Amino acid sequence: MNEIAETRQGKVQGKLKNDVLLFAGIPYAAPPVGELRFKAPVAHAPWADVRSTIKFGKPAPQLATGGMTSAVPVDWDEDCLFLNVQTPALDDGNRPVLVWIHGGGFRTGQGAIPWYDGAQFVRNGNIVVVSINYRMGALGFADLSRFGSEYETSGANGILDQVFALEWVKDNIRSFGGDPENVTIAGESAGAFSVCSLIASPRSTGLFKRAISQSGSAQHALTKDAAGLVTDAFLKVTGCVNPEELQQLPVEEILQHQRTLDTEFLSSDDLNLVSPFYPAAGNSVLPDLPIELIRNGQGANVDLLIGTNKDESTLFIMNTVSDEKYQSDAARFGAGPALVETYNRNHPNASATERAVQLGTDFTFRIPSIRVCEARSEMNCSDWMYRFDWESRNGSLKATHALEIPFAFDNLGKSGVGIFLGPGDIPQNVADKMHQCWIDFIVDGDPGWPRYTTDDRINMRFDTESEAVTDPDTAIRSVWEGIR
């Protein structure tokens, strides 16, 4: 089988792996190093010889943050703008394309981890799968636009990297058997926030047809003013006064300063109650907050599949939460007494910790996802919503954050998945259902249940027995109306 493909920069050689062609570590932009640090991505220089692309490119600079998903240090490099392609064949197949954007809180992650192996989409759906890396943390989202036009996009360069990767797909994917006019972008967590940011961005218009947002939305981006506060603190902690000085700092120092600010601004009321160094508005990538751009019609022609997991925050709330802390958190979100009363009524036998999990899940993930669909509701958009309810047998994880990924990819046997699943039989029937729904959406634009509208609010609930349900947890959704 031919393993050499032609791109606009030059030829690349992949390899056949388990009956799927893999091209790993293709550069889609120039290394964002030296004078290009904090600047918009630029085209990679052409190469004359056939470039070997059988080894994954290194991910963006990052620190191990602890927890179950990002506790192990990775071998990163500032030269990180690579993508990977999996395809059935290098032919004129004109296949649907899936572009996967990894999560990790805009702090950690990479496109090349076993959970994101797209081989099952290739085999079962005849789909070409692309996964990407992008700049994260301060290197991807420190807003230095005050220092000149060359830094105008710096508060959203991580998103602009993704746009650049999508432009690469538009220009090159036919050489890998894909259809550039039938592209679906998808991601989880920060990847899903990226998906909604791309829907909202005028810079990505026409680069994709459909989108899948798993546990992410168009909320929590930073306003221009909030990003400015982060920049003030970043410059202070680094001791630098301009980008040129920042460009001289070793990446390791930037990461340590970033960690300091992550702690200093943790859940700051001045920011987004999530973290600093998120995508910032007020630039050509995101002229306004993503939810406002979507509400004003940006991306209305993009079909959207969006949803969350029932117990997202069990991955983040690992210690006992007192009733006082639970109530104070509710007060910070706004309308505290109403929230507490509603959650207490809807979860009468739950502990304060369990109620805090539901409160955090809804604030960060569930309610913002609903609001994306509500923002699109006046424009006759094609939206579908799901909720993943299958519960892990591992302690108190339940239907935790990121658990749905190996189900959607049909990768329940991959390394690390078993820890999340816990003991017992492999729930392959749940993966079969979810994976096929994702294939159907990517291929035909219909995952197989009724669209989401504000009239009936239908969700597909994925569990041991999956079914479409109408407006799950109505009282919870209603109490959040008008809050944040």
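Contact annotation: no residue pair with Cβ atoms under 8 Å, 6 or more positions apart or on different chains, pairs a residue in the range 233-253 that is over 15 Å from R146 (Cα atoms) and modelled with pLDDT under 95 with a partner that is loosely packed, with under 13 Cβ neighbours inside 10 Å and of a type in the set (D, E).
Within the range 464-481, if we keep just the residues that are over 18 Å from N344 (Cα atoms) and in contact with a helix residue (DSSP H, G or I) (Cβ under 8 Å, 6 or more places away or on another chain), the residue that is surrounded by the most Cβ atoms within 10 Å (Cβ to Cβ) turns out to be S466. In the range 329-343, the residues that are closer than 10 Å to L359 by Cβ reach residues that are modelled with pLDDT of 90 or more and charged (D, E, K, R) with C-beta atoms within less than 8 angstrom, at least six apart or across chains, in these pairs: Y343/R355. Taking each residue of the range 77-102 that is without any contact (Cβ under 8 Å) to a residue 60 or more places away in the chain and looking for partners that are crowded, with 19+ Cβ neighbours inside 10 Å and assigned to a loop (DSSP other than H, G, I, E, B) with beta-carbon atoms closer than 6 Å, six or more apart or interchain, yields C80/P59; C80/A60; C80/N133; F82/G57; F82/N133.
Count of the range 91-135 residues, restricted to those that are touching a helix residue (DSSP H, G or I) at 6+ places or on another chain (Cβ under 6 Å) and part of a loop (DSSP other than H, G, I, E, B), is 9. Being free of Cβ contacts under 8 Å to residues at least 60 places away in the same chain and under 18 Å from the mean Cα position of the chain (by Cα) is the filter; apply it to the range 118-171 and report the residue that is farthest from E252 (Cα to Cα). So the residue we want is V129. Summed over the range 158-197, residues that are assigned to a helix (DSSP H, G or I) and either modelled with pLDDT under 95 or within 30 Å of Q13 (Cβ to Cβ) (or both) total 20.
Taking the stated definitions as given, is T353 in contact with a Leu (Cβ under 6 Å, 6 or more places away or on another chain), among the polar types (S, T, N, Q) and either surrounded by 20 or more Cβ atoms within 10 Å (Cβ to Cβ) or under 22 Å from E312 (Cβ atoms) (or both)? Spell out the reasoning first.
Values: in contact with a Leu (Cβ under 6 Å, 6 or more places away or on another chain): no; among the polar types (S, T, N, Q): yes; either surrounded by 20 or more Cβ atoms within 10 Å (Cβ to Cβ) or under 22 Å from E312 (Cβ atoms) (or both): yes.
No, not satisfied.
For the range 407-441, filtering for residues that are more than 30 Å from N182 (Cα to Cα) and in contact (Cβ under 8 Å) with a residue 12 or more places away in the chain leaves 11. Residues in the range 444-463 that are more than 14 Å from E374 (Cα to Cα) and surrounded by fewer than 18 Cβ atoms within 10 Å (Cβ to Cβ): D444, G445, D446, G448, P450, D463.
Q110 passes every criterion in (1) under 22 Å from L21 (Cβ atoms); (2) surrounded by 24 or more Cβ atoms within 10 Å (Cβ to Cβ); (3) in contact with a strand residue (DSSP E or B) (Cβ under 7 Å, 6 or more places away or on another chain) apart from (3).
Go over the candidates V469, V430, V443 one by one and state the one that is assigned to a helix (DSSP H, G or I), under 27 Å from V357 (Cβ atoms) and either touching a strand residue (DSSP E or B) at 6+ places or on another chain (Cβ under 7 Å) or aromatic (F, W, Y) (or both).
On the way: V469 fails: assigned to a helix (DSSP H, G or I); V443 fails: under 27 Å from V357 (Cβ atoms).
The match here is V430.
Scanning the range 341-388 for residues being in contact with a strand residue (DSSP E or B) (Cβ under 6 Å, 6 or more places away or on another chain) and of a type in the set (F, W, Y) gives a total of 4. In the range 1-66, counting only strands (runs of 3 or more DSSP E) that sit wholly within it, the ones holding 2 or more residues that are under 22 Å from the mean Cα position of the chain (by Cα) and touching a residue at least 24 places away in the same chain (Cβ under 8 Å) span 20-27. Restricting attention to the range 430-484, which residues are modelled with pLDDT under 95 and at positive phi? Within the range 430-484, D473, G482, R484 qualify.
For G422, the stated conditions do not hold, so it cannot be described as modelled with pLDDT under 95 and either of a type in the set (D, E, K, R) or more than 19 Å from I101 (Cα to Cα) (or both). Scanning the range 319-337 for residues that are surrounded by 15 or more Cβ atoms within 10 Å (Cβ to Cβ) and small (G, A, S) yields a total of 3. With respect to the conditions (1) under 21 Å from F193 (Cα atoms); (2) of a type in the set (S, T, N, Q); (3) touching a Gly at 6+ places or on another chain (Cβ under 8 Å), N394 falls short on a single one, namely (1). The condition of being out of contact with any strand residue (DSSP E or B) (no Cβ under 8 Å at 6 or more places or on another chain), modelled with pLDDT of 95 or more and surrounded by 21 or more Cβ atoms within 10 Å (Cβ to Cβ) holds for only one of P41, P27, P31, P46, that being P41.
Yes or no, residue by residue, for (1) in a loop (DSSP other than H, G, I, E, B); (2) among the β-branched types (V, I, T); (3) within 18 Å of the chain's Cα centre (by Cα):
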site	(1), (2), (3)
A356	no, no, no
F365	no, no, yes
P368	no, no, yes
N394	yes, no, no
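A quick yes/no check of all residues on (1) in contact with a helix residue (DSSP H, G or I) (Cβ under 9 Å, 6 or more places away or on another chain); (2) among the polar types (S, T, N, Q); (3) surrounded by 20 or more Cβ atoms within 10 Å (Cβ to Cβ):
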| site | (1), (2), (3) |
| --- | --- |
| S377 | no, yes, no |
| C381 | yes, no, yes |
| R387 | yes, no, yes |
| S396 | yes, yes, no |
| E404 | yes, no, yes |
| D410 | yes, no, yes |
| D425 | no, no, no |
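Here Q86 meets each of (1) in contact with a Gly (Cβ under 7 Å, 6 or more places away or on another chain); (2) assigned to a loop (DSSP other than H, G, I, E, B) with one exception, condition (2).
The values are calculated or read from the model by the stated rules, or taken from the named source; none is laboratory data. Source: prediction; values computed, not measured. In this analysis, Cβ positions are derived from the backbone assuming ideal geometry, glycine residues included, and neighbour counts consider all displayed protein chains.
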